[in-house]
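Just below is one structure, and these are the notes that go with it.
Please treat every number below as a calculation from the coordinates, not as lab data. None of the values given here were measured: they were computed from a predicted structure. Using ideal geometry, Cβ is built from the backbone for each residue, glycine included, and neighbour counts are taken over all protein chains shown.
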Amino acid sequence: AKLLVLHGPNLNLLGEREPGIYGHTTLAAIERAMEADAHRAGHTIESLQSNAEHVLVDRVQAARQDGTAIILINPAAFTHTSVALRDALAAVALPFIEIHLSNPHTREPFRKHSYFSDLALGVIAGFGADSYRFAMDAALGWLDKHAA
Ligand code: DQA
């Protein structure tokens, strides 16, 4: 099956960005580990990071036609702001897992609300770069049960 991994704004700076909150692991290292896990399980995987809401909306829309079986997404700041990205995921009606490095519930009040969580298969947050590993494990388990 095909997995699509989407990363929202500022996640290109992982490794340098507020390391006390987000850790020292780079996005490239996270993507390499996810690719290895997906390939080992016999799947294909594509990753995209963008700081632009419309780029992510367009990529989600394209997933309707390109054989994507499941989406793993850290919407980053768009978690708390983007009705447009939420609507795109609702429109394509593909299963997705929401990921966060930090636990937004321990932080500023404006991070407590997510436009995604009520549509997600599940949410993994608070484990730093390991959140992506756990989300990949969840996605592979879901695919075993639900996809060909
Ligand atoms: C984040 C949490 C968001 O609140 C924040 O805007 C981010 C990263 C996380 O992975 O912990 O950019 O999604």
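What to note about this one:
- Comparing 106, 79, 26 in a Gaussian network model of the chain, where Cα atoms under 10 Å apart are tied by springs, the biggest mean-square fluctuation is seen for 106.
- Whether the stretch 40-89 is rounded, prolate or oblate, judged on the alpha carbon gyration tensor where a/c under 1.5 counts as rounded: prolate
- Per-bin percent of Cα-Cα distances, the stretch 48-140 [10 Å]: 17, 52, 30, 2
- Taking every DSSP helix (H) stretch of at least 4 residues in the chain, weighting each as -39,500 (n - 2.57) and dividing the sum by the residue count yields a mean residue ellipticity at 222 nm of -11500 deg cm²/dmol.
- Here the stretch 1-20 is scanned for amide nitrogen atoms under 17 Å from the site 7 Å beyond the Cα of residue 106 along Cα-to-Cβ, giving 18-20.
- The separation of the stretch 132-148 from the stretch 32-81, counted between C-alpha centres, amounts to 14 Å.
- Magnitude of the charge dipole, the chain, Cβ model with Lys/Arg +1 and Asp/Glu -1, debye to 20: 140
- Cα gyration tensor category, rounded, prolate or oblate, for the stretch 1-78 with a/c compared to 1.5: oblate
- Rounded if a/c under 1.5, otherwise prolate or oblate - the stretch 94-137, Cα gyration tensor axes: oblate
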